[in-house]
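Engineer: Quick one: this structure, given as C-alpha cells, is what I'll be asking you about.
The values are calculated or read from the model by the stated rules, or taken from the named source; none is laboratory data. The model shown is predicted, which means the values in this text are computed figures rather than measured ones. A quick note on method: Cβ atoms are made from the backbone with ideal geometry, for glycine too, and the neighbour counts reach across all protein chains shown.
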Ligand SMILES: Nc1nc2c(c(=O)[nH]1)N[C@H]1C(S)=C(S)[C@@H](COP(=O)(O)OP(=O)(O)OC[C@H]3O[C@@H](n4cnc5c(=O)[nH]c(N)nc54)[C@H](O)[C@@H]3O)O[C@H]1N2
Ligand SMILES: Nc1nc2c(c(=O)[nH]1)N[C@H]1C(S)=C(S)[C@@H](COP(=O)(O)OP(=O)(O)OC[C@H]3O[C@@H](n4cnc5c(=O)[nH]c(N)nc54)[C@H](O)[C@@H]3O)O[C@H]1N2
Ligand SMILES: [Mo]
C-alpha cells in the first residue's frame, strides 16, 4: 500500500503544484513552494477534468463498427474519419475489437504494418508517460514501425553531429545561464528568449529559471541583442531589438563572418587548432568561389537588418566576451540546418567557444531547464523493451509515408523506402495539432485500415480515430515525475476519481496485451505501486552515484518532492570547454575530430538543399520569394502563451485569450490598415493549402509583413459534406496553412515557419466553434446491410 501523503503534489510539464483539497475535490492548486517564478498554466487542470469534452467511455466510429460487424474491411474504410458519429461500447467489447485489429495486421502484414511512433508530449509523470506505455506495449506484441527525431529540433539534431560530433548544446551540455550572464559582455539571441516558452519543461519543472537569468543579465550590465521578427520575444531593460525577416538569419550570420574576415578579426589560431574547412567556407563568404561577397549590404537586402548594424554587431562580438544563442524556431524552417551550422561557424571565427560564458548554445528559452546547472544524472524512465521491427520514418514525414508507401526518399545520406502502414496507434500526442498542412494530413489519414487512440478529451485526434479509449489524466493516478534538465524527483498523487470509465493507459494496454498473449511481457509482473517503488529505487541509486542520498520511498512519497543539490558554480563547465583545453584528448566525434566548417561527409551526400558548408539558400516561402506577390505576409506559428501545444485548450485559461472564440492573430498596424482591419475583426488567413479564421490584434511589436498566430487551437474544420479538400478551419489553427515539406534531404525535419499567407476581412456570419463539443453519439445499429 502506498502511504497517505502528508503534502500532496501534482506534477505537470509546467510546474509542481500542491492541491488544496476540499470535500474530496481540488479547490486550488498552489505552486510548489520553491518555484522562483511559477506560471499560470495549471489553471485549466481541474476544470478540464470534468469538461463536457472529456472522453467518458470507449467509443468506435460508426461506419467502422458497422463494417467490422459485417465482417468487412478494405479500401475506403477511412473515408469518414473526422466527421462521423461514434458508438460507445463496453470496455471488454472495445478491447476485443482493438485486439482483433492489431492481431489481424500483425498476422497479415507483419508488425511493420503497425505505426506506433505516437509522437507527442503526453503528461509529465514517467510511469504513465503514454508514449513509453504504447511503445512498451507494441514491443510486447512483436514490435512496430517507429519514428525518429521530433518536431522541435529535427534539423539541428541531424546537422550538429556532422559539425560538432554530438548534440551538445542542443538538449544538454549547455554552458549554464548563470555562466553566460556572469561572464559574457554581449549575448546575441536569434529568435529571442521568450519567457512564454520557458514556462514548460518536458517531464516537469521544480523552479522556473529564465526570468531570474534575464534579471541577472541586467544586473551584470550584459548587452542583450534580440534578433527576431517579434519584439516581445525577449523581455528586459537591457534588450535591444533588431527586427529581422523570418528565414533569413543565415544571410545575416554569413555577413557577420564576412566582416570578421575582411577586418582581420577572425580568430585564425582558434580556427586552425579547433576546426577544419575554414578555407572553403571563407572562399564562399568572401565571394572567391562565386563572385558574390556576403557583405552586410548583401545581407541587408535579404534580411532587412541595416548593413551598418550587422557590421557593428559583428565587431562588437569580436571585441569582447560574446555568446550566441539560437532559438529552435530558426531551424523549423526550409533549410533549417543552415542557420545552425552558420552560428557554429560564426562562433568559431569569434574564437570564444569553450571560454567561460563564450561561444554558442541553442534553445535557452525553448524550455525551462535548458542551461540549468545540473549534475550529469540519468533519472529513471519506464523501460520500453526491444522493438523487433527495425524500420522507421523521420517523424515529420508521416503524411508522405501514408500517401506514398514503397516510394524512396533521402535521409542523411541514406536512400530509404516508405513503409506500408496499415494500422496507427497513437497515445500521448496530437498529430492534428502538431503536423503541418492538415488538409493534406487528413487525406493521408484516410489510408490506413485502422486508427486506434487513447486520449482524455474529444480533441481533433480522437475525432479522426476509429477506436477511442478514454485515458485518465495526471490528476487521477499516482506517478513519479522527473526531468532530464532539472534537480527534482516528485510524486504526483492521485487526487480525483477518474472521469466516467476512464482507465490508465497502462490498464488499457494491459487489457490489450492480455488478449494478445503478452500480459506478462507488458506488465513485467509488476503492479503500478511496485513499478513506482522500482523506478524510485533506481533514482536513489543514481543519486547515490553522485554522492547524494535521496530519502527512502515512504518519506519521499509522503513529502511529494525530493531535490538534488545544484553543482557549485566553480564546478560548472562550458560547452566544448574540455575540447578547448585538450583537443586531442577530448577530440570531437566528427571525422576530423574537430569542428567541421566544411564537411566532406555532408558534401558527399550531394544534396543541393544542404551543401558541404553553411550557405544562404533562399527558402521556398519568405518575404523575398516570388510567391510573396500573391501571399505578402509571413506567418509565424509560434508556441502559445496560454497552453502547452493543444493541451487544455478546452479550459478557461486558454479560452480567455481568444476573441469571438477564435485564436488571436497579431499583425503590424500598417498591415492591418492596408486591409481595412481593426482590433477584434475576424479575418480569413489563407494560402493555396488552406484557410482559417482568426481575430486581429494589432501590435507594433511585429516587423511589418509578419503575422503571428500561435499553434494549439483545436482544429475545427467546417463539415466537408461536399468533400471539399480544403474546408475552412474556423477556430484559428495555423497548421492548415503551413507546408508539409522536409527541411532538406539531410534532416527531413518539419518546416512550419516558412509560410506565406494573405489576410482578408471575414464578413460572413461567424460559424460557431464546435471543437469543444464532443462528436455525436448514436446507439449501436445491428442492421449492417448496405
Ligand atoms: N505550425 C507549427 N506546428 C508545430 C510547431 C510550431 O512551432 N509551429 N511546433 C511543433 C513542436 S516543437 C511540437 S513538440 C509539437 C507538439 O505536438 P504534440 O506533443 O503532439 O502536442 P500536444 O498538444 O502536447 O499533444 C499531447 C496529446 O496527448 C494527450 N495526453 C496528455 N496526457 C496523456 C496521457 O496521459 N495519456 C494519453 N493517452 N494522452 C495524453 C493530450 O490530451 C494531447 O492530445 O507541435 C509541433 N507543431
Ligand atoms: N507556453 C508554451 N511554451 C512552450 C511550448 C508551448 O506549447 N507552450 N512548446 C514547447 C516546445 S515543444 C518547444 S520545441 C519550444 C519551442 O521553442 P521556440 O522554437 O523558441 O518557439 P517559437 O515560439 O516557435 O519561436 C520563438 C520565436 O522565434 C522567432 N522566430 C521565428 N522564426 C524566426 C526566424 O526565422 N528568425 C528569427 N531570428 N526568429 C524567428 C519568433 O518571433 C518566435 O516568437 O517551446 C516550448 N515552450
Ligand atoms: Mo517541441
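Engineer: How many residues, within the range 111-120, are surrounded by 24 or more Cβ atoms within 10 Å (Cβ to Cβ) and assigned to a loop (DSSP other than H, G, I, E, B)?
Structural biologist: Residues flagged as surrounded by 24 or more Cβ atoms within 10 Å (Cβ to Cβ) and assigned to a loop (DSSP other than H, G, I, E, B) within the range 111-120 amount to 3.
Engineer: Working carefully through the options 640, 619, find the one that is more than 19 Å from residue 705 (Cβ to Cβ), within 16 Å of ligand 1 (Cβ to nearest atom) and surrounded by 20 or more Cβ atoms within 10 Å (Cβ to Cβ).
Structural biologist: Testing whether each residue is more than 19 Å from residue 705 (Cβ to Cβ), within 16 Å of ligand 1 (Cβ to nearest atom) and surrounded by 20 or more Cβ atoms within 10 Å (Cβ to Cβ) leaves just 640.
Engineer: From the list 467, 453, 489, 508, which residue is more than 27 Å from residue 141 (Cβ to Cβ), surrounded by 24 or more Cβ atoms within 10 Å (Cβ to Cβ), touching a strand residue (DSSP E or B) at 6+ places or on another chain (Cβ under 9 Å) and modelled with pLDDT of 95 or more?
Structural biologist: 489
Engineer: Yes or no: residue 654 over 17 Å from residue 335 (Cα atoms) and within 16 Å of ligand 3 (Cβ to nearest atom)?
Structural biologist: No.
Engineer: Still on this structure, please answer the following. Go through 292, 271 for me and flag whichever is at negative phi, over 33 Å from the mean Cα position of the chain (by Cα) and assigned to a helix (DSSP H, G or I).
Structural biologist: After applying the criteria, what remains is 271.
Engineer: If we scan the range 726-734, do we find a residue that is within 16 Å of ligand 3 (Cβ to nearest atom), under 29 Å from residue 626 (Cα atoms) and surrounded by fewer than 24 Cβ atoms within 10 Å (Cβ to Cβ)?
Structural biologist: Checking the range 726-734: not a single residue is within 16 Å of ligand 3 (Cβ to nearest atom), under 29 Å from residue 626 (Cα atoms) and surrounded by fewer than 24 Cβ atoms within 10 Å (Cβ to Cβ).
Engineer: Still on this structure, please answer the following. Is it true that residue 333 is outside the structural domain of residue 116 (by TED's automatic domain parsing) and either over 30 Å from residue 204 (Cα atoms) or buried (at least 24 other Cβ atoms within 10 Å of the Cβ) (or both)?
Structural biologist: yes
Engineer: Additional query: Residues that are within 30 Å of residue 240 (Cβ to Cβ), outside the structural domain of residue 81 (by TED's automatic domain parsing) and touching a strand residue (DSSP E or B) at 6+ places or on another chain (Cβ under 8 Å): does the range 684-691 have at least one?
Structural biologist: no
Engineer: Quick check: is even one residue across the range 361-380 buried (at least 24 other Cβ atoms within 10 Å of the Cβ), outside any loop (DSSP other than H, G, I, E, B) and within 16 Å of ligand 2 (Cβ to nearest atom)?
Structural biologist: Yes, the conditions are met somewhere in the range 361-380.
Engineer: Considering only residues that are within 15 Å of residue 506 (Cα to Cα), crowded, with 24+ Cβ neighbours inside 10 Å and either under 17 Å from the mean Cα position of the chain (by Cα) or within 16 Å of ligand 3 (Cβ to nearest atom) (or both), which ones fall in the range 130-156?
Structural biologist: Answer for the range 130-156, where residues must be within 15 Å of residue 506 (Cα to Cα), crowded, with 24+ Cβ neighbours inside 10 Å and either under 17 Å from the mean Cα position of the chain (by Cα) or within 16 Å of ligand 3 (Cβ to nearest atom) (or both): just 130.
Engineer: Among the residues of the range 233-255, count how many are within 16 Å of ligand 2 (Cβ to nearest atom) and in contact with a strand residue (DSSP E or B) (Cβ under 9 Å, 6 or more places away or on another chain).
Structural biologist: The number of residues fulfilling the criteria is 15.
Engineer: Can you confirm whether residue 717 is surrounded by 24 or more Cβ atoms within 10 Å (Cβ to Cβ) and out of contact with any strand residue (DSSP E or B) (no Cβ under 6 Å at 6 or more places or on another chain)?
Structural biologist: For residue 717, the condition - surrounded by 24 or more Cβ atoms within 10 Å (Cβ to Cβ) and out of contact with any strand residue (DSSP E or B) (no Cβ under 6 Å at 6 or more places or on another chain) - is not met.
To keep it simple, each residue is scored yes or no on (1) assigned to a loop (DSSP other than H, G, I, E, B); (2) under 30 Å from residue 67 (Cβ atoms); (3) touching a residue at least 40 places away in the same chain (Cβ under 8 Å).
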residue	(1), (2), (3)
735	no, yes, yes
740	yes, yes, yes
747	yes, no, yes
754	yes, no, yes
758	no, no, yes
769	yes, no, yes
772	yes, yes, yes
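Engineer: Could you list all residues from the range 594-610 that are without any contact (Cβ under 8 Å) to a residue 40 or more places away in the chain and in a loop (DSSP other than H, G, I, E, B)?
Structural biologist: Within the range 594-610, 606, 608 qualify.
Engineer: Additional query: If you go through the range 178-201 one residue at a time, how many are within 22 Å of the chain's Cα centre (by Cα) and either modelled with pLDDT under 95 or away from ligand 2 (no atom under 16 Å from the Cβ) (or both)?
Structural biologist: 0
Engineer: Taking the range 565-586, which residues are in contact (Cβ under 8 Å) with a residue 12 or more places away in the chain and more than 21 Å from residue 182 (Cβ to Cβ)?
Structural biologist: 579, 583
Engineer: Also, I was wondering about something else. Taking the options 738, 698, name whichever one is touching a helix residue (DSSP H, G or I) at 6+ places or on another chain (Cβ under 6 Å) and at pLDDT 95 or above.
Structural biologist: None of the others qualify; the one that does is 698.
Engineer: Among the residues of the range 385-407, is any at pLDDT 95 or above, crowded, with 24+ Cβ neighbours inside 10 Å and assigned to a loop (DSSP other than H, G, I, E, B)?
Structural biologist: no
Engineer: Is at least one residue of the range 413-432 part of a helix (DSSP H, G or I), touching a residue at least 24 places away in the same chain (Cβ under 8 Å) and within 29 Å of residue 716 (Cα to Cα)?
Structural biologist: The answer is yes; a qualifying residue exists.
Engineer: Residue under question is residue 289, and the condition is that it be surrounded by 21 or more Cβ atoms within 10 Å (Cβ to Cβ), more than 16 Å from ligand 2 (Cβ to nearest atom) and without any contact (Cβ under 8 Å) to a residue 40 or more places away in the chain; does it hold?
Structural biologist: No.
Engineer: Next up: Could you tell me which of the residues 588, 576, 563 is crowded, with 19+ Cβ neighbours inside 10 Å and on the phi < 0 side of the Ramachandran plot?
Structural biologist: Testing whether each residue is crowded, with 19+ Cβ neighbours inside 10 Å and on the phi < 0 side of the Ramachandran plot leaves just 588.
Condition check ((1) outside the structural domain of residue 448 (by TED's automatic domain parsing); (2) at pLDDT below 95; (3) buried (at least 21 other Cβ atoms within 10 Å of the Cβ); (4) touching a strand residue (DSSP E or B) at 6+ places or on another chain (Cβ under 6 Å)) across all residues:
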residue	(1), (2), (3), (4)
45	yes, yes, yes, no
74	no, yes, no, no
86	no, no, yes, yes
93	no, no, no, no
